[in-house]
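Asks: Handing you this structure, nothing more for now.
The values are calculated or read from the model by the stated rules, or taken from the named source; none is laboratory data. Note that the structure is a prediction, hence the values are computed from the model and not measured. FYI the Cβ positions are ideal-geometry reconstructions off the backbone, even for glycines, and counts take in every protein chain you see. These area figures cover heavy atoms from the full protein model, side chains too; ligands, DNA and RNA do not enter into them. Shrake-Rupley method; radii C 1.70, N 1.55, O 1.52, S 1.80 Å.
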Amino acid sequence: MSDLRGQLTLRGVVIGCIGCAVITASSIYTALRMGALPWPIIFAAIVSLFFLRAVSRGRASLNEANVTHTIMSSGAMVAGGLAFTIPGAWMLGLAGDISPAELAVVALGGVALGLIASVLLRRRFVEDDGLEFPIGQAAAQTLRAGDAGGATGRRLFGAMGFAGAFALLRDGLGVIPSLVGALPVPGVAFGVYCSPLSLSVGFLVGTGAVLVWFAGALLGSFGIVVGAPALGLCDVGAAQGIASSLGMGLMMGSGVAVIAKDVLPRALRHARRAAAGRDGAEGVLGLTAASAVGRPPRTALPAGVAALAAAGVALAASEVLGLGPAAAVAVVALTFAAAAMAAQSVGQSGIDPLEVFGLIVMLLVAAVWDVPSARLFLIAALVAVASGLAGDVMNDFKAGHVLGTSPRAQWVGQAIGGVVGAVVTVAALQALLAGYGPEAFGTGREFVAAQASVVATMVSGIPHVPAFAVGLAAGFALYLVGFPAMMLGLGVYLPFYLSLTGFLGAMAKVAYDRVRERRWRGLAPEERERRRAEADDAALVVASGLMGGESIVGIVLAMALAGGALLG
């Protein structure tokens, strides 16, 4: 337990839980009212560092702040998982078919599965593959800059101030439009999203990954949505169904391949070691402190414990969802696959389409078993909560890897925050339902709940099953040969304006690299390398500030709206 000392502290848990409750409640309102949910990690990092330093008289460490912000931010994705799915049942008149107790069991089950899946994948995605996890890196840089001050702090907080003012003018005052360069392309949301955060994600992710992402956007939006109707093959609505089904299939196939190639072999290997009495040498979950703080003995969470936890969720799902044993086991297995997809997607793009994963699993279950509609929404919620939390945990693990924080301390903190977030989310959703009634949710209503509206319309099935099957097979095969099929699927599925904005951010990085290399052409190799490292660090700090500023203002505006609604 030595790696927990000074990192997971009582004051940090108290501050983290209070912040978690506030951010979770704000996230619910944001998701339902605005149809969006910005990552709260950077905001939580700054708030955690500020309050810890205040109560400790400046003695709190960055690792303590990192664990505290892990607790504080974890409830937001739990809120997103429920808010993006459950209101769809209310829109269909099924509010009376889902009790608060059932919702709580689903939320806590999703938290448990997300925690298990993320920790199984941590070493692979964070250490072995070294995925970018741009939001996690931004959180780490934010904490460093807040601690160091000086030039780094000025760069970070200057960028944050600019992005925050920009977001306020755009979202709070309506002075800046959300979309520029929009063109009337049938079926395609063409334009550039005025978002420093989206541009920064493209800047940080990496040119190769973003090019694949953008290639998927061109394929889905222009190759299918525009091209198929132009050739007389189908109308625009059918082409949109084909594109979304293909994108979902690519992402699902990639996620299944992650499980088949990366998760199952490792889990079976550790299970064999546990059976042979050697599990203590490594531990199935392998939660160790990062290399920056040495290599203490590994903390084993034996395979049997993980298996029992998963079995417990399957049993609860069987009871709450009214599923047979086979269906309950299938739901749990598919939830693990979705959580793996979420972790990879966040690592490569900073995007976690958690409601998509919930949709995919819900539709697959509906295709095999006869499940009542209200239960399908609970299945989607279970998957979305697990997927959202897995993405959040992996971001936090990346920040911890950069700062040298104990993964075990972060994982325990994430578990605490996940439980707090689940309780707050269920209570807040029930309060909103009781206060406003189910008729307040849906397109054109007070709470648009855009993602939940999509889930409601998809209960009837996958728009185009053949396209989904093709994407499923292609995503599986492409991942096995090392091609980033997840990024391709994201591009096919996401609105074109998001992909275009990320692409422009990546092109800005290309231009930045070329200009600086041209300026340093005559320098000695050692000096050029030194300046390159300094410039990379400065660019990362500025991009992190841009993401942080927009995220913070988005959350503050959401809090203001929620407070206004309560007072009204």
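Asks: Give me the percent of the accessible area of the chain that comes from carbon and sulfur atoms, probe 1.4 Å, all protein chains in place. Don't jump to the answer; show the numbers that get you there.
Replies: Numbers: 13920 of 21130 Å².
With neighbouring chains kept in place, the figure for the chain is 66 percent.
Asks: Take peptides 479-488, 426-435 and line them up by average Cβ neighbours within 10 Å, highest first, as a rough protection proxy. Before the final figure, lay out the partial values.
Replies: Details: 479-488: 20.4, 426-435: 16.8.
By packing density, highest mean first, the sequence is 479-488, 426-435.
Asks: Each residue of region 542-551 in order: what ³J(HN,Hα) in whole Hz does its phi give by Karplus 6.51 cos²θ - 1.76 cosθ + 1.60, θ = phi - 60°, with x for Gly and Pro?
Replies: 5, 4, 5, x, 4, 5, x, x, 5, 4
Asks: Something else now. Please list, in order along region 222-231, the HN-Hα scalar couplings obtained from phi with the Karplus expression 6.51 cos²θ - 1.76 cosθ + 1.60 (θ = phi - 60°), rounded to whole Hz, x for Gly and Pro.
Replies: After applying 6.51 cos²θ - 1.76 cosθ + 1.60, I find 9, x, 10, 5, 8, x, 4, x, 5, 8 Hz.
Asks: For a quick check of understanding: with a 1.4 angstrom probe and all protein chains in place, what accessible area in square angstrom does LYS398 have, to the nearest ten?
Replies: LYS398 has an accessible surface of roughly 20 Å² with all protein chains in place.
Asks: Using a 1.4 Å probe, what is the accessible area per residue for the chain, in Å²? Write out the running numbers ahead of the final one.
Replies: Working: 21130 Å² over 568 residues.
Counting only protein heavy atoms, the per-residue value for the chain is 37 Å².
Asks: Another question, if that's okay. When every alpha-carbon pair in the chain is counted, what percent end up more than 35 Å apart? All intermediate terms of the calculation are to be shown ahead of the outcome.
Replies: Working: 52984 of 161028 pairs.
I get 33 percent for the Cα pairs in the chain exceeding 35 Å.
Asks: Related question: I want to check the label-to-label distance for ASP370 and ALA477. Put each point 7 Å from Cα in the C-beta direction and report it in nm to one decimal.
Replies: Roughly 3.7 nm, to one decimal.
Asks: Now, a different point. Can you quote the Å³ per residue value for the convex hull of the Cα atoms in region 340-392, rounded to an integer? Walk me through the intermediate numbers first.
Replies: Working: hull volume 3.1 nm³, N = 53.
Dividing the Cα hull volume of region 340-392 by its residue count gives 58 Å³.
Asks: Local charge sum around VAL105 (other residues, Cβ-Cβ under 14 Å, Lys/Arg +1, Asp/Glu -1)? Each step should come with its number before you reach the end.
Replies: Numbers: positive: ARG375; negative: GLU102, GLU319.
Local charge sum for VAL105: -1.
Asks: I would also like to ask the following. How many percent of Cα pairs in region 190-264 exceed 21 Å? Can you show the working numbers first?
Replies: Numbers: 1289 of 2775 pairs.
Result for the distance tail: 46 percent.
Asks: Something else about it: Highest mean first, what order results for 405-414, 537-546, 98-107 on Cβ atoms within 10 Å?
Replies: Working: 405-414: 26.7, 537-546: 22.4, 98-107: 19.2.
Those peptides, ordered most packed to least, come out 405-414, 537-546, 98-107.
Asks: Add +1 for every Lys or Arg and -1 for every Asp or Glu among the other residues with Cβ under 15 Å from the Cβ of ASP513, and state the total.
Replies: Values: positive: LYS509, ARG514, ARG516, ARG518, ARG519, ARG521, ARG528, ARG531, ARG532; negative: GLU517, GLU529, GLU534, ASP536, ASP537.
Local net charge: +4.
Asks: Additional query: Would you please give the residues with an amide H less than 5 Å from that of PHE190, counting only those at least 5 places away or on a separate chain, with H modeled from the backbone geometry?
Replies: Those qualifying (amide H under 5 Å, at least 5 residues apart or on another chain) are LEU183, VAL185.
Asks: While we're here: If you add up the charges near LEU321, with Lys and Arg at +1 and Asp and Glu at -1, over every other residue whose beta carbon is less than 13 angstrom from its beta carbon, what do you get?
Replies: So the surrounding residues net to -3.
Asks: Then there's this: Hey, can you grab everything whose amide H is under 5 Å from the amide H of LEU179? Only 5+ residues off in sequence or another chain; H modelled, so Pro and N-termini drop out.
Replies: Amide H neighbours of LEU179, under 5 Å, 5+ apart: CYS194.
Asks: Read phi for every residue in region 432-439 and hand back ³J(HN,Hα) as whole Hz from Karplus 6.51 cos²θ - 1.76 cosθ + 1.60, θ = phi - 60°, with x for Gly and Pro.
Replies: In residue order, the calculated couplings are 5, 5, 5, x, 9, x, x, 5 Hz.
Asks: Here's another thing I want to ask about it. Assigning unit charges at the beta carbon (Lys, Arg +1; Asp, Glu -1) and nothing else, what dipole magnitude in debye, to the nearest 20, does the chain show about its Cα centre?
Replies: Working: 35 positive and 31 negative charges, 314 e Å.
About 1500 debye.
Asks: With the convex hull built on the Cα atoms of region 19-151, state its orientation-averaged projected area in nm².
Replies: Reported value for the Cα convex hull: 10.4 nm².
Asks: Next up: Once Lys and Arg get +1 and Asp and Glu get -1 on their Cβ, which of VAL201, ALA326, ALA316 lies farthest toward the positive end of the dipole of the chain?
Replies: VAL201
Asks: Another question, then. First obtain the Kirkwood hydrodynamic radius of region 388-450 from its Cα pairs, then insert it into the Stokes-Einstein equation at 10 °C and 1.306 mPa s, and state the resulting D in µm² per second as a whole number.
Replies: 113 µm²/s
Asks: Dipole magnitude of region 120-237 about its Cα centre, charges +1 at Lys/Arg Cβ and -1 at Asp/Glu Cβ only, in debye to the nearest 20? Kindly include the intermediate steps, with their values, before the conclusion.
Replies: Values: 7 positive and 7 negative charges, 65 e Å.
Rounded to the nearest 20 debye, it is 320 debye.
Asks: Counting each DSSP H run of 4 or more residues in the chain as -39500 (n - 2.57), what helix-only mean residue ellipticity at 222 nm follows after dividing by all residues, to the nearest 500 deg cm²/dmol?
Replies: Working: 22 runs with 405 residues, N = 568.
The per-residue figure over the chain is -24000 deg cm²/dmol.
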